[in-house]
Structure formats: structure tokens, C-alpha cells
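**Q** I am attaching a structure below and will ask some questions about it afterwards.
The values are calculated or read from the model by the stated rules, or taken from the named source; none is laboratory data. These figures come from a predicted structure and were not determined experimentally. Positions of Cβ are backbone-derived with ideal geometry, glycine not excepted, and every protein chain shown enters the neighbour counts. To get the accessible areas, we keep the full protein, side chains included, count just its heavy atoms, and leave off ligands, DNA and RNA. Shrake-Rupley method; radii C 1.70, N 1.55, O 1.52, S 1.80 Å.
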Amino acid sequence: MKKARSNTTIVRSAIDVKSWRERTPSVDEARPGQCPKCAAASRPVGRGLQIWGHGLRDRQQRGPLEPWGDPVEITIRVRRYVCRLCTAVIVVVPLGV
């Protein structure tokens, strides 16, 4: 019997944690360029979107916000997307998560 694997992958954005906390990026700003599972382009030329926005989820991050700072616990709203071709769920998080 083959074990089922999760169809969720994490992609790190170029946006850092502090900027992400100040303003959660829009669906288009955080959308990955391609699906990490099937490598389909998110915006193929002449066709509709292949990677659709799939909502926001809260995630906790623990640790200092600056070097030598006291550890804190913060909540970050991460973006989720779904690939229309392979049905992978893609979670986009800020750089450093």
C-alpha cells in the first residue's frame, strides 16, 4: 500500500517578514511564477491564470524580530494558491519564514 503524500508545497516570497507584516501583499504580488509541483506557468501568454488565489491563513512565527532582540510570537497571514493543472496547494510565505 502506497502512503499518500501531502499535495501542499511552500514557496518563499522575495518580500521580507517586516514588510509582509506591515501590509499583506495582494494576490497578484505574491503569486508564484510557476507551480513548484508541475512547473506550469502561473500566467501563460494568451491563456487564463493557471495558479489561482485560494485564500489567506494565519501562521505563527516565533523568535526575535531583530538581531539580539527578545523572542516574540507574531501572527502572519500567508497566501494560498491552487494549481488548476495538478491541483497542488501552494502556500506563499515571506522570506525568512
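**Q** Just a yes or no: is a residue in the range 1-15 in a strand (DSSP E or B) and touching a helix residue (DSSP H, G or I) at 6+ places or on another chain (Cβ under 6 Å)?
**A** Yes; the residues of the range 1-15 include at least one that is in a strand (DSSP E or B) and touching a helix residue (DSSP H, G or I) at 6+ places or on another chain (Cβ under 6 Å).
**Q** Identify, from the list 58, 70, 16, the residue that is under 12 Å from the mean Cα position of the chain (by Cα), on the phi < 0 side of the Ramachandran plot and not aliphatic (A, V, I, L, M).
**A** 58
**Q** Of all residues in the range 87-97 being closer than 17 Å to residue 36 by Cα and surrounded by 14 or more Cβ atoms within 10 Å (Cβ to Cβ), which is nearest to the chain's Cα centre (by Cα)?
**A** Within the range 87-97, the match that is nearest to the chain's Cα centre (by Cα) is 92.
**Q** Right, next: Suppose we keep only residues that are outside any helix (DSSP H, G or I) and in contact (Cβ under 8 Å) with a residue 24 or more places away in the chain within the range 16-29. Which one would you say is nearest to residue 41 (Cα to Cα)?
**A** 25
**Q** Then there's this: Does any residue in the range 33-47 that is in contact (Cβ under 8 Å) with a residue 60 or more places away in the chain come within less than 6 Å, Cβ to Cβ, of a residue that is among the acidic types (Asp, Glu) and surrounded by 11 or more Cβ atoms within 10 Å (Cβ to Cβ) six or more places away or on a different chain, and which pairs are these?
**A** No pair meets every condition.
**Q** Listed residues 15, 10; which is under 23 Å from residue 87 (Cβ atoms) and aliphatic (A, V, I, L, M)?
**A** 10
**Q** State which residue is most open to solvent (accessible area, probe 1.4 Å) when the search covers only the range 50-83 and only residues that are in contact (Cβ under 8 Å) with a residue 40 or more places away in the chain and within 21 Å of residue 34 (Cβ to Cβ).
**A** Applying the filter and picking the extreme gives 79.
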